[in-house]
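Engineer: Have a look at the structure that comes next, please.
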């Protein structure tokens, strides 16, 4: 892809450089987030390639809102805007960790945080 190329994502044209840059910033948590959302999707997807392209392209912009909504849904008594998990996600990312989001067997949401072990 040349830098002047345009890429069609979700009915919008973006420069190849912008698309490349956004995809290079994706990490494990973004892919896991998209797969988790795909798992919960009940609508028929006609073109999985276009759907995944748009979902991954938008993942960095939508993941924090998703985390906030999960926290507010499962813990409404906390109030606030749910930014804590967004901060945790960034700290985990900087330390080469990952956050796994699962539905609890009896309801609620389980957040597993894992860090890579580094020898000192």
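The values are calculated or read from the model by the stated rules, or taken from the named source; none is laboratory data. Keep in mind the model is a prediction, meaning the values are calculated, not measured. For neighbour counting, all protein chains shown are included, and Cβ atoms are generated from backbone atoms with ideal geometry for every residue, glycine included.
Engineer: Looking at (1) touching a helix residue (DSSP H, G or I) at 6+ places or on another chain (Cβ under 9 Å); (2) over 30 Å from residue 8 (Cβ atoms); (3) modelled with pLDDT under 80, find the lone condition where residue 66 falls short.
Structural biologist: Unmet for residue 66, out of (1) touching a helix residue (DSSP H, G or I) at 6+ places or on another chain (Cβ under 9 Å); (2) over 30 Å from residue 8 (Cβ atoms); (3) modelled with pLDDT under 80: (2).
Here's the yes/no breakdown for (1) modelled with pLDDT under 90; (2) touching a strand residue (DSSP E or B) at 6+ places or on another chain (Cβ under 8 Å); (3) closer than 18 Å to residue 108 by Cβ:
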| residue | (1), (2), (3) |
| --- | --- |
| 29 | yes, yes, no |
| 34 | yes, no, no |
| 42 | yes, no, no |
| 53 | no, yes, no |
| 57 | no, yes, no |
| 73 | yes, yes, yes |
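Engineer: Please go through region 1-46 and give me each residue that is assigned to a loop (DSSP other than H, G, I, E, B), more than 27 Å from residue 96 (Cα to Cα) and in contact (Cβ under 8 Å) with a residue 24 or more places away in the chain, ordered by number.
Structural biologist: Within region 1-46, 10 is the sole residue that qualifies.
Engineer: Here's a follow-up. For region 75-112, how many residues meet the condition of being in a loop (DSSP other than H, G, I, E, B), within 18 Å of residue 62 (Cα to Cα) and at pLDDT 75 or above?
Structural biologist: Residues flagged as in a loop (DSSP other than H, G, I, E, B), within 18 Å of residue 62 (Cα to Cα) and at pLDDT 75 or above within region 75-112 amount to 0.
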